[in-house]
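Remarks on the structure that follows.
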Amino acid sequence: MSLSLKGKKGIVVGVANEHSIAFGCAKALHEAGAEIAMTYQNEKALPFVEPLAKAVDAKILMPCNVVKQGELELLFKAAEEMWGQIDFVIHSIAWSPINELHGRVVDSTTEGFCKAMDISCHSFIRMAKLAEPLMKDGGSLITMSYYGAEKVVDHYNMMGPIKASLESSVRYLASELGGSNIRVNCVSPGPMMTRAASGIDQFDTLVESAKSQSPLHRLGTTEEVGDMATFLVSSLSSAVTGGVHYVDAGHHIMA
């Protein structure tokens, strides 16, 4: 067995720009030999994502806003038409209303919480459902979480319980899909300077705290998350499913 992904084909959702965790995954997967379908959220994002898709020789580049009816289904249909089957899906999207993200969980609205849950968590479940019939030889489903799902992190607020739900969903999906040799895992990076993270209140303070407290005294990188995703797609992780895998320079072990 080796880390070569030659012959593997799959979908990466969540690339917004070159700093995106999803792009770190796309680069690593491409370098290991995988073929990739990549998405962009809307026409405004296309100029930022298109050159990145070219850099990883993406075979498919399509819009995918998970709240728009039918776009997710069209993406998986395009992958089926292109390849017949797929081997992996990378889900790296999260969203919350900014005013509610900056407020207390107890003050969150039904509408805001439900929409954040749908985009950040249930979209992964919907992707798993669409991927299942295309993973004819088994496969790997990967999503992204954060330590704030496990412990209370100042200013992470509403995203904490939503990411906790995502991590629980990973375990249930792993159990349900394991009979089809489909593995489901979660990668949990530490704080990273991505566009999504910029919406967290006092994020710079969170970054500096992670740097100072982590055993390695630094942050993880999107490239290192990509390396973990490559491992989880590869045959080297053939018995690994249902887990949360930290790429945070060890920050999660510290009190």
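Nothing in this text is a laboratory measurement; each read-out follows from the coordinates by a stated rule. Remember, predicted model here, so these are calculated numbers, not experimental data. Here Cβ is always computed from backbone atoms with ideal geometry, including for glycine, and neighbour counts include all displayed protein chains.
A few remarks follow.
- Fewest-first ranking of H155, H251, using other Cβ atoms within 10 Å as the exposure measure: H155, H251
- Theoretical gain in end-to-end length, K211 to I98 [0.36 nm per residue, Cα-Cα removed]: 38.2 nm
- Nonlocal amide H pairs with Q41, under 5 Å, H built at 1.01 Å: C64
- Label point 7 Å beyond Cα of E71 along Cβ direction - residues of segment 33-54 with amide nitrogen under 11 Å: 39-46
- Database remark: amide H of Y246 closer than 5 angstrom to the amide H of S188 (H placed geometrically; neighbours at sequence offset of 5 or more, or on other chains; Pro and chain starts carry no H).
- Its Cα gyration tensor gives the chain an equivalent ellipsoid; the semi-axes, largest first and in whole Å, are 27, 20, 18.
- You can think of it this way: the chain between L236 and E176 has 19.4 nm of extra reach, that is 0.36 nm per residue less the Cα-Cα gap.
- Table column - 3J(HN,Hα) (Hz), segment 249-255, Karplus curve with 6.51, -1.76, 1.60, x for Gly and Pro: 6, x, 4, 5, 8, 8, 6
- Table column - 3J(HN,Hα) (Hz), segment 44-56, Karplus curve with 6.51, -1.76, 1.60, x for Gly and Pro: 5, 7, 3, x, 7, 8, 4, x, 6, 4, 5, 5, 10
- Sorting T221, T109 by the number of Cβ atoms found within 10 Å of their own Cβ, with the fewest placed first, yields T109, T221.
- Selected from F113, P191, H19, residue furthest toward positive end of dipole (segment 9-248; charges at beta carbon): F113
- Here the label points at H155 and E81, each 7 Å from Cα along the C-beta direction, are separated by 4.5 nm in the simple model.
- Mean separation of Cα pairs under 8 Å and 6 or more residues apart, divided by the residue count, gives the chain a relative contact order of 22 percent.
- Pairwise centroid distance, computed over Cα atoms, of segment 77-152 with segment 1-69, Å: 16 Å
- Stokes-Einstein diffusion coefficient of segment 152-251, Kirkwood radius over Cα pairs, 20 °C, 1.002 mPa s, in µm²/s: 145 µm²/s
- The chain - mean residue ellipticity at 222 nm from DSSP helices (-39,500 (n - 2.57) per run, n ≥ 4, rounded to 500): -11500 deg cm²/dmol
- Fully extending the segment from E111 to A55 would add 16.3 nm, taking 0.36 nm per residue of separation and subtracting the current Cα-Cα distance.
- Residue-wise HN-Hα couplings along segment 203-214, as the Karplus relation 6.51 cos²θ - 1.76 cosθ + 1.60 with θ = phi - 60° gives them from phi, are 5, 4, 5, 4, 5, 5, 5, 5, 4, 6, 8, 5 Hz; Gly and Pro carry x.
- Among the lysines of segment 112-255, pairs that are 8 or more positions apart or on different chains and have alpha carbons within less than 24 Å of each other number 7.
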